[in-house]
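Take a look at the structure below.
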């Protein structure tokens, strides 16, 4: 959108601002502006028309008042074509608003319709639609207040995540999405291929010893990468290689899970922020995660007030207070053993209230448990650390203390969402790591390069992963993660 | 890396800085520091040892001088274990350096080896390796001067791209990577699937009318997304949907090409920056691309001086002068017709010098032509605009003038690289767009949502795509794009 000053047909220079910049003004000098955007509402009276124009830069848009005495004939004709959703260019001086809703408005002298929007066909013609319905129109839903506000907040969150890590000297590494060595949780991987899988008989087959085709086994050496390739589930292992050279790094990119899951908390394609720090223990990772979250949430509180107020009004009454509290209060830190103890005490009072009343050392906490800890027990963001070995990944560092039963892992639980961050100190000792891989039936040959980091100048290092769409969901007070991303991907849905 | 002040065994508080912060100091107060990093070189003399430690934050690292009179017995023992590549923690006061290479050094009193690095096994033990060899060690190559410098410059470029768009009010949109509707150039797409394609006979087959399996046709409705899905080649179409609501947006994410190409300019997985602006013509897109490139290159000139000097010294003598010129000079803008004319005139002088001497209206310019225009004819970044319809994509806007033969498309050609940016004004007129799709045999049903943007409040809009790895290659003076990304993906290579 060209926002610079532009000479129009009139000799006077006209400013072409984004609405947000105009809306923030407390006063106006009466200078003419040119507003370009989409009509949200139009009201006509006997001698006046009110056209609310939104250009996506803010929630409220700007009111354009057309007095029939002040507009040319062409504009009068154009007014008949103005409908919700059409695009317009409106010209006129910016004046103090008469109504209470906004501080300034455009005393329009000229309006032109740029692109019509036939009301009978436009799927967003009516004002209110359910979020479910809007998902079927993911290409148009950013034209609604809710999804436009989510898009703005999401963008500010992403921008401030980059700003936080850049200003603290972290190197941004874009780890690969296509990988042949992603062996973790093979069942949940998407396969990437250039083989013609639409025609079963066209697939190349592995030869038998006497040079004939096998009946069935597809020869993946003929695929694009010369072997089976998948979409990554995490950038962590690649991130560790760069942390072992650059010190502090972060990734921020897409990750994939081919889980057949239709929950409000999962997507097949989502984004992770994964910092990795050399010479850092689990405490450093918790400290960094807390600082980072406070920084980005404060950024949004400072820069997206209008959007957050909207979410607070229509979706989640306590939203702004909760975000302010997150920024102001130190996060609670408790061990997994303590978490289990607190849960057992609480559940003992009335087990029937719980969907999963069986909780003991070794239990993988469910969302019910996580939310009770964050929402009821502490009413705060809570780090739970030192998880049982048995429920955590092979690369997490064995605790030297704690009876050898736990690893230096942590999850951050947040009111309203549950788990938002998961992290750990990584096992940097080669022998211990090899033992752990053996225990979990992993083949060291698949991880030769990962093990090299422990062979050559190994350092204690830690990192964590933040589910970005969960953060967006949390900060916007949304219930379903499918609202947090432009075009959500889940089983059966890859449209647009 | 924990860089805060930390109380050590001694009562005095010790600063744990990144080397870059220390190296930049002109003077020192003699306070003790704790340096954590990897040893690049070690030199021992009779009563002294010099250990150069690098922590990834800068190129030069820091020299630690150990005088045998000042160090404890343990440190003396540790020195025997110090080899190139091992990780160490070094403690001592920061003092003015005696040598000319650096301003400050550590007068080390204590050194501990954190992780050994056996010299006989370490693949980077020797000082110089070819870039080709280093690609086989992509997990270790960020420990080399060259690739660490590329990583730092790349990170600064990425950070400043976000900073540029965020400060100018663009909304960051992460468009999906998995798509079922990416119909452009189907031959170059990666397919994404959860079908068990390793076993040909396990693939579900489409049923015939009488309910039997066909012999061959795989039933993609049983795949994860209920239809064939692919990795995207561009975020543009999704970006247009958000620009048609938010005004100015940008994407910055991975894109994929399954081209069987082994050139120095192509990757199977790379990153694109794709801004899209509503109410904007081709001139606006060129203006924005020029401003953005100048902003990010200036950012790197200001913030990565040491790394650029290194590239200038070892890879590309004219690098810094060329980057400074890019920032200082207005980009040249010429029409495609003029480009052809200039080329024809030049080629006529001596056709034998050219690999592709046949150039006429309709010719898709080759890298040879592009580089001659940017390097020889203009010695400048050059926008070439108004390309023939026949060689450009269906979504580019027909020129109203120019005899109906051209579209509002542009490419930015840059000395040393050739095409760096490609953009266009998009066809916003529904009927014209439908005609163009018909001409190119595209099925409008596949693009129903894209066409909706032209049905409902359509606006003139423009955008461009910047190949991010090409920018990194250009700014770092590298010859091969495989150096510009952490783990390059190309045919046969998806290791790490």
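Please report, in cubic angstrom per residue, the volume enclosed by the convex hull of the alpha-carbon atoms of region B:16-115. Provide the component values of the computation, followed by the final result.
Numbers: hull volume 8.9 nm³, N = 100.
With only Cα atoms used, region B:16-115 gives 89 Å³ per residue.
Stretch residue A:281-residue A:77 to full length: gain in nm at 0.36 nm per residue minus the Cα-Cα span?
66.5 nm
Taking the Cβ-Cβ separation of residue B:376 and residue B:199 as r and a Förster radius of 56 Å, what is the calculated FRET efficiency to the nearest 0.05?
Using R0 = 56 Å, I get an efficiency of 0.50.
Do me a favour and compute the ellipsoid semi-axes for region B:384-496 from its Cα gyration tensor, root of five times each eigenvalue, largest one first, whole Å.
Those come to 33, 19, 12 Å.
Does region A:457-496 classify as rounded, prolate or oblate by the C-alpha gyration tensor (a ≥ b ≥ c root eigenvalues; a/c under 1.5 gives rounded; else a/b over b/c gives prolate, otherwise oblate)?
Here region A:457-496 falls in the oblate category.
Once label points are set 7 Å from the Cα along Cα→Cβ at both residue A:43 and residue B:348, what is their separation, rounded to one decimal in nm?
Simple spin-label model gives 6.9 nm for this pair.
Could you tell me the distance between the Cα centroids of region A:220-255 and region A:304-358, to the nearest Å?
34 Å
Mind ranking A:155-168, A:311-324 by how tightly packed they are, going by the mean number of other C-beta atoms within 10 angstrom, highest first?
A:155-168, A:311-324
What nm value, rounded to one decimal, do you get for the distance between residue B:366 and residue A:264 when each label is placed 7 Å out toward the C-beta?
Distance between the two pseudo-spin positions: 6.0 nm.
Within 10 Å of each Cβ of B:151-159, how many other protein chain Cβ atoms are there on average?
Partner-chain Cβ atoms within 10 Å, mean over residues of B:151-159: 5.
Show me the ranking of peptides B:389-397, A:256-264, B:226-234 by mean Cβ neighbours inside 10 Å, starting with the highest.
Details: B:389-397: 18.3, A:256-264: 15.4, B:226-234: 20.1.
So the peptides B:389-397, A:256-264, B:226-234, ranked by packing, come out B:226-234, B:389-397, A:256-264.
What value, in deg cm²/dmol to 500, does the helix sum -39500 (n - 2.57) over DSSP H runs of n ≥ 4 give at 222 nm once divided by the residues of chain A?
-8500 deg cm²/dmol
Tell me, how many Å apart are the Cα centres for region A:448-496 and for region A:274-291?
With region A:448-496 and region A:274-291 each reduced to a Cα centre, they are spaced 16 Å.
Contour minus end-to-end for residue B:127 and residue B:332, with contour as 0.36 nm per residue of separation and end-to-end as the Cα-Cα distance?
69.5 nm
FRET efficiency for residue A:390 and residue A:102, Cβ-Cβ distance as r, R0 = 51 Å, nearest 0.05?
Details: r = 59 Å, r/R0 = 1.15.
My answer for the efficiency is 0.30.
Normalised by the empirical 2.2 N^0.38 Å for globular proteins, what value does the Cα Rg of the protein assembly as shown take?
The protein assembly as shown yields a ratio of 0.99.
List, largest first, the extents of the alpha carbons of region B:296-337 along their principal axes, each in whole Å.
Each principal axis gives a Cα extent; for region B:296-337 these are 41, 20, 12 Å.
Restricting to Cα pairs below 8 Å that are 6+ residues apart, what does the relative contact order work out to for region B:16-115? Please round to a whole percent.
Relative contact order here is 33 percent.
Would you work out the relative contact order for chain B, in percent, from Cα pairs under 8 angstrom that are 6 or more residues apart?
Computed value for chain B: 12 percent relative contact order.
So for the pair residue A:400, residue B:306, with labels modelled 7 Å out along Cα→Cβ, what separation do we get in nm?
3.2 nm
Given a cut-off of under 8 Å on Cα pairs at least six residues apart, what relative contact order in percent is computed for region A:190-232?
The value is 45 percent.
Computed FRET efficiency, Cβ-Cβ of residue B:222 and residue B:50, R0 51 Å: what is it to the nearest 0.05?
Numbers: r = 65 Å, r/R0 = 1.28.
It comes out at approximately 0.20.
What would the Debye equation give as log₁₀ I(q)/I(0) for region A:296-411 at q = 0.23 Å⁻¹, counting only Cα atoms as equal point scatterers?
These q points yield log10 I(q)/I(0) values of -1.19.
Counting only other chains, what is the mean number of Cβ atoms within 10 angstrom of the Cβ of each residue in peptide B:276-283?
On the way: counts 0, 3, 9, 11, 4, 1, 0, 1.
Averaged over the peptide's residues, the number is 4.
Quick one: what does P(r) look like for region A:190-232 with 5 Å bins over all Cα pairs, in whole %?
Reading the bins upward from 0: 5, 24, 27, 24, 13, 6, 2, 0.
Roughly how many Å is it from the Cα centre of region A:81-139 to that of region A:370-385, as a whole number?
Their Cα centres are 43 Å away from one another.
Please state, as a whole number in µm²/s, the translational diffusion coefficient that the Stokes-Einstein equation yields for region B:80-231 at 20 °C and 1.002 mPa s, with Rh defined as the Kirkwood radius across alpha carbon pairs. Numbers along the way, then the final one.
Details: Rh = 22.5 Å.
Translational diffusion coefficient: 95 µm²/s.
In µm²/s, what is D for region B:65-148 at 20 °C and 1.002 mPa s, where D = kT/(6 pi eta Rh) by Stokes-Einstein and Rh is the Kirkwood radius from Cα pairs?
145 µm²/s
Where q = 0.07, 0.11 Å⁻¹, what log10 of I(q)/I(0) comes from the Debye formula for chain A, counting one point per Cα?
These q points yield log10 I(q)/I(0) values of -0.52, -1.02.
What is the mean number of Cβ atoms from other protein chains located within 10 Å of the Cβ atom of each residue in peptide A:112-123, rounded to a whole number?
Average per residue, whole number: 3.
Read-outs throughout are calculated quantities, based only on the coordinates presented, and are distinct from any laboratory measurement. Only a predicted model underlies this, so the values are computations on that prediction, with no experimental measurement involved. Neighbour counts run over all protein chains shown; Cβ positions are idealised from the backbone, glycine included.
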